[in-house]
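Take a look at the structure below.
The values are calculated or read from the model by the stated rules, or taken from the named source; none is laboratory data. Everything quoted here is computed from the prediction, not taken from an experiment. Every residue, glycine among them, receives a Cβ derived from its backbone with ideal geometry; neighbour counts consider all protein chains shown. Ligands, DNA and RNA are stripped out before the accessible areas are found, and what is left, the full protein with its side chains, is counted by its heavy atoms. Shrake-Rupley method; radii C 1.70, N 1.55, O 1.52, S 1.80 Å.
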Amino acid sequence: MMAGKVKWVTDIEKSVLINNFEKRGWVQVTESEDWNFYWMSVQTIRNVFSVETGYRLSDDQIVNHFPNHYELTRKDLMVKNIKRYRKELEKEGSPLAEKDENGKYLYLDFVPVTYMLPADYNLFVEEFRKSPSSTWIMKPCGKAQGKGIFLINKLSQIKKWSRDSKTSSFVSQSTKEAYVISLYISNPLLIGGRKFDLRLYVLVSTYRPLRCYMYKLGFCRFCTVKYTPSTSELDNMFVHLTNVAIQKHGEDYNHIHGGKWTVSNLRLYLESTRGKEVTGKLFDEIHWIIVQSLKAVAPVMNNDKHCFECYGYDIIIDDKLKPWLIEVNASPSLTSSTANDRILKYNLINDTLNIAVPNGEIPDCKWNKSPPKEVLGNYEVLYDEELAQGDGAERELRSRSGQSLGPRGLRSRDSGRSFLTTWK
C-alpha cells in the first residue's frame with residue numbers, strides 16, 4: 001500500500017519552503033482542507049491555539065511553532081523567565097547559581113542587565129545612576145529586524161522618549177508599546193574594526209523532556225561601518241545594529257556576501273588570532289547558554305505534541321570572548337539576501353523537515369521524537385534531557401568533585417569532550 005502523501009499549507013510564500021515541500025512530493029492544500037503540515041507565521045499560530053478561534057489538531061497534524069513560543073521569543077518574557085530560572089536554581093542551592101563577591105552570577109550572567117519599561121522605570125534609573133557613563137539600548141518588545149531600536153546615554157533621552165511616545169507618558173501599561181532597555185555591550189569583539197553578531201539556528205522537537213539540535217551552519221552578520229563607542233555616533237544604526245534589514249540600506253553593503261561570514265570561518269579566525277583553547281571554550285559557552293535559556297522556559301512552555309520550532313538565536317561576543325544572549329527569534333528570516341544565503345536556508349529547512357517529519361511521511365505526533373543520527377544532516381544534538389538524566393548519577397559525583405560546574409567552571413584534565421557531558 002502506498003502511504004498517502006503529506007498535505008501541506010503555508011502562509012509564508014517563500015521559495016525555500018515551497019521547493020522543499022514539492023521536492024518531497026507533498027501536496028499543497030488550503031487551510032480549510034485537511035492538512036498534515038502547516039508552516040505558519042506567528043500570527044497564525046495564535047489563532048490555531050486561541051481559546052476563541054482555535055481548533056483541536058489531530059494526531060496526523062504538525063505545526064512549526066509552540067503555542068506560547070513568546071515566552072522565549074519576546075524580549076521581555078525571555079528575560080523574565082531567565083531571571084526566574086536563576087532564582088529557582090539559587091533556591092535549590094545549585095552550583096550553577098553561584099555568585100562572586102559582588103553578587104554577580106558566575107555562570108548565569110549571560111543576558112545583559114535588562115529592565116522592562118514602563119514597569120521597571122524606577123529600578124532602571126537606580127541602575128543608570130550607578131554607572132552614568134554607560135550606554136543603554138531600547139527595543140520594543142514585540143518587533144523584529146531592528147525596528148524601533150535606539151541607543152541612549154542620558155536619562156533626559158528616556159524622559160523625552162516617554163513624552164514623545166504616544167503612550168500618555170508612562171501611565172499606559174499597554175503591552176503593545178512595552179519596551180525593554182538593556183545595558184549596551186559597548187566592548188564588542190571587532191573583526192576588521194566592525195561589530196558583528198552570530199545568528200545560530202536551534203531546533204526544539206520537545207521541551208519536556210528537552211531535546212534540541214544546533215545547526216552547524218550558522219553565520220556572523222557584520223555592520224557595514226566601522227565600530228566606535230563614541231557617543232556622537234549613538235544614532236548611527238549602521239555602526240550598532242547588525243540586522244540585514246538595516247544594513248542592506250548602507251552604502252557599503254556588499255550584495256555578494258551580504259556582510260556575512262560562516263561560523264566555521266569565525267572559528268578558524270579566532271583559533272588563529274586567539275588560540276584553539278579559548279575558541280573551543282567560547283563555543284562551549286555559547287552552546288551552554290543556549291541550553292540554559294531553553295531550560296529556563298521549558299517549565300512554562302506549552303509542550304504541545306503537534307509542535308516543533310526552529311529558533312534564530314542572536315549572540316554577541318565581547319572583546320573578552322564572553323558570549324551574550326541578545327534575543328531569540330521565532331520566525332527567523334527565510335528571505336535570502338544572497339545566493340549563499342538561499343542555499344543555506346533551503347538546507348536549513350530541508351534538515352529541519354527531516355527531523356520534524358520522519359521520512360517525509362504523514363506525521364504521527366505520538367512518536368518519540370528521537371530521530372536516528374543519519375537523518376540529522378547539518379544538525380547535531382545540542383542537548384537531550386533523557387540521555388543527560390541517564391548519566392545523572394555519574395555526573396553528580398563529578399560535579400561534587402568540583403569539575404565542570406558551568407561553562408567557566410574548572411575543567412577536567414581531559415578537557416573538551418568530558419566537559420560537554422558534564423554541563424548537561
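Suppose we filter the range 14-37 for residues that are more than 23 Å from residue 56 (Cβ to Cβ), among the charged types (D, E, K, R) and assigned to a loop (DSSP other than H, G, I, E, B); how many remain?
Final tally of qualifying residues: 2.
Condition first: at pLDDT below 90 and more than 29 Å from the chain's Cα centre (by Cα). Now tell me which residues in the range 1-52 satisfy that.
If the condition is that a residue be at pLDDT below 90 and more than 29 Å from the chain's Cα centre (by Cα), then 1, 2, 3, 4, 52 are the ones that fit.
Conditions: (1) open to solvent by 20 Å² or more (accessible area, probe 1.4 Å); (2) of a type in the set (Ser, Thr, Tyr); (3) assigned to a helix (DSSP H, G or I). Residue 335 meets all but one. Number of the miss?
Every condition holds for residue 335 apart from (3).
Of all residues in the range 81-101 being without any contact (Cβ under 8 Å) to a residue 12 or more places away in the chain and assigned to a helix (DSSP H, G or I), which is farthest from the chain's Cα centre (by Cα)?
Filtering first and then ranking leaves 91.
If you go through the range 310-332, how many residues are of a type in the set (Asp, Glu) and open to solvent by 20 Å² or more (accessible area, probe 1.4 Å)? Give the derivation first.
Taking the range 310-332 as the starting set, the residues that turn out to be of a type in the set (Asp, Glu) are 314, 318-319, 327.
Those left that are additionally open to solvent by 20 Å² or more (accessible area, probe 1.4 Å): 319, 327.
Selection size over the range 310-332: 2.
Can you tell me which residue in the range 90-103 is farthest from residue 298 (Cα to Cα), limited to those that are open to solvent by 70 Å² or more (accessible area, probe 1.4 Å) and among the acidic types (Asp, Glu)?
Within the range 90-103, the first condition is being open to solvent by 70 Å² or more (accessible area, probe 1.4 Å), and the residues that meet it are 90-92, 98-99, 101-102.
Remaining after also requiring among the acidic types (Asp, Glu): 90, 92, 98, 101.
Working: 90: 17, 92: 17, 98: 22, 101: 30 Å.
So the residue we want is 101.
Test each condition in (1) farther than 27 Å from residue 331 by Cβ; (2) in a loop (DSSP other than H, G, I, E, B); (3) open to solvent by 30 Å² or more (accessible area, probe 1.4 Å) for residue 122 and report the one that comes out false.
(2)
So is residue 87 surrounded by fewer than 13 Cβ atoms within 10 Å (Cβ to Cβ) and either outside the structural domain of residue 291 (by the TED database) or modelled with pLDDT of 95 or more (or both) or not? Please lay out each step first, then the result.
Values: surrounded by fewer than 13 Cβ atoms within 10 Å (Cβ to Cβ): yes; either outside the structural domain of residue 291 (by the TED database) or modelled with pLDDT of 95 or more (or both): yes.
Yes.
Of everything in the range 365-376, what is under 17 Å from residue 303 (Cβ atoms), open to solvent by 30 Å² or more (accessible area, probe 1.4 Å) and over 23 Å from the mean Cα position of the chain (by Cα)? Give them in sequence order.
366, 367, 368
Go through 34, 59, 76, 100 for me and flag whichever is over 22 Å from residue 314 (Cβ atoms) and in contact with a strand residue (DSSP E or B) (Cβ under 9 Å, 6 or more places away or on another chain). Let's see the steps before the verdict.
Working: 59 fails: in contact with a strand residue (DSSP E or B) (Cβ under 9 Å, 6 or more places away or on another chain); 76 fails: over 22 Å from residue 314 (Cβ atoms); 100 fails: in contact with a strand residue (DSSP E or B) (Cβ under 9 Å, 6 or more places away or on another chain).
Only one candidate qualifies: 34.
Touching a residue at least 12 places away in the same chain (Cβ under 8 Å), open to solvent by 50 Å² or more (accessible area, probe 1.4 Å) and either at positive phi or not in a helix (DSSP H, G or I) (or both): does that describe residue 281?
Working: touching a residue at least 12 places away in the same chain (Cβ under 8 Å): yes; open to solvent by 50 Å² or more (accessible area, probe 1.4 Å): yes; either at positive phi or not in a helix (DSSP H, G or I) (or both): no.
No.
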